[in-house]
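What follows is a set of notes on a single structure, which appears directly below.
Taken together, the values in this text are just the output of simple stated rules run on the coordinates, not laboratory data. Quantities reported herein were computed from a predicted structural model and do not represent experimental measurements. Ideal geometry is used to build each Cβ from the backbone, glycine not excepted, and the neighbour counts take in all protein chains shown.
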Amino acid sequence: MAGAVTLNGIDGLIKSRAVRLPPAVEAAYEADRAAFLAMAARVIVLRLIITYNVLLPIDFWVLPKTAWLSVALHFLVVTPCMVLCGLMLRRKPGRWVRDSVLAMMPVLMTLQVMLIFRLNSGENAWAYQYLVILVMMSANINLQLDLRFALVASAVTAVIYFGTVLPSGCPQAVKIIAAAIFTTGAYFSLQARQPIEYGQRRLFLRKLQEQLRREEAEDVASRDALTGLSNRRHFDERTAAVWAAGGPVAIIMIDIDHFKLFNDRYGHPAGDHCIKRVAGVLSAVLRGQDDLAVRFGGEEFVLLLPGTDMETALQIAERARRAIEGLAILHEASLTGRVVTASLGVAAGRTSEPVQALLAAADAALYEAKRGGRNRVFPPFMAVEGKGKWRAAG
């Protein structure tokens, strides 16, 4: 998500007051909503179960003939189905499954109410059917349904409701009043659901905005301002993670040759430009997200290469050396040639050794590369003819 969602993009969405979000943001919102519903499933379902079953005494008062059947339907059919729905929500199913499960709950309650209604007659039964309207309104407002699924659930409830009430023996006036109340209740509860969903999306965008701001601040704090490479702080954080994971690791220390002479000859702006170009080369030789290029200070850099042995590290170091020389940055004050070059020291080992020991070994190798004439990698290596591999010389 981080690659597709930017802070500027989120700021723009908040200002535009958009309801539907771009695909990447919508996916992030759905993931956040799934996590919330999984966490809140117990409360949501429990609230619905209480709301549904607290009305059960009405059956004994209004329709005593079918009261015990209603009790059986409540506690042996509908309530267990609600519990199963809650358990499914906690498993974070896909969006369509999740909202279908939620939408099924008011439909089940409606079927129970309308079955009891059909098994009775008279004025009490005519009043009993109004419970469906309460079920539908409560579900639309409290069930955390996506608005489109709330519309579908309301439509299915309406089909069941009108398909049962209209053919019944209720007086015409009761049918007209029931239709008016149901339609009005559906309209106002869906209207109430719309700002609730809009507010949830705004709240998510605000949360995402704050998260991206924190990440941006952390990224700035971990980056060298001139080159964009990682800084010492980020290096310390990554080495801690790499050493905790274990395994082989290599470190390459790089120093631009005779950089002080370069600055004295061409000035600090040219020196900064040179450092940025060398940094670009070092970024280019990294193999993936696990590798890290660091500006250690001044003209000195470090490559952290987790899961890397000496042979591979030497190959990477030699590629970096050649690429830096290949930049052909004029350096007439250099004592090793007329272009900018670099010396590189390589050390490889395992994370069972302290990080400072590996750094010290790479630093000692860098010193040997400088002592041996600069513009070279130490330990030295040579090609193994016909195999396309490298090995340390000697």
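Loop-located trypsin sites (Lys or Arg not before Pro) in segment 335-375 (DSSP state other than H, G, I, E, B) with a sparse environment of at most 16 neighbouring Cβ atoms within 10 Å: Arg338. Neighbour counting of Cβ atoms within 10 Å sorts the residues Ile252, Ile181, fewest neighbours leading, into Ile181, Ile252. Note that segment 21-125 shows a convex hull volume over its alpha carbon atoms of 103 Å³ per residue. Neighbours of Val165 by Cβ distance under 10 Å: Lys/Arg scored +1, Asp/Glu scored -1, total +2. For the chain, the longest piece that avoids every one of the GluC sites (Glu not before Pro) found in DSSP loops with at most 16 other C-beta atoms within 10 Å covers 1-331. Between the labelled values (i) 23.1; (ii) 27.0; (iii) 28.4, the entry that holds mean projected area of the Cα convex hull in nm² as derived from this structure is (iii).
Across segment 350-361, computed HN-Hα scalar couplings (Karplus, 6.51 cos²θ - 1.76 cosθ + 1.60, θ = phi - 60°) run 10, 6, 5, 8, x, 4, 5, 5, 5, 4, 5, 5 Hz from first to last residue, x flagging Gly and Pro. For segment 210-330, the convex hull spanned by the alpha carbon atoms encloses 105 Å³ per residue. Contact order, relative form, for the chain: 12 percent (alpha carbon pairs under 8 Å, 6 or more residues apart, mean separation divided by residue count).
Segment 32-49 to segment 117-177: how many Å between their Cα centroids? If you average the Cα positions of each part, the centres end up 25 Å apart. With helices as the sole contributors, the chain gives -21000 deg cm²/dmol at 222 nm; each DSSP H run of n ≥ 4 counts as -39500 (n - 2.57), and the sum is divided by every residue. For the chain, the number of Lys pairs with C-alpha atoms closer than 29 Å, counting only pairs eight or more positions apart or on separate chains, is 7. Along segment 284-294 the Karplus relation, 6.51 cos²θ - 1.76 cosθ + 1.60 evaluated at θ = phi - 60°, assigns HN-Hα couplings of 5, 7, 5, 8, x, 5, 6, 6, 9, 9, 10 Hz to successive residues, with x for each Gly and Pro.
Counting only alpha carbon atoms, the long axis of helix 310-326 and the longest principal axis of the chain meet at about 70°.
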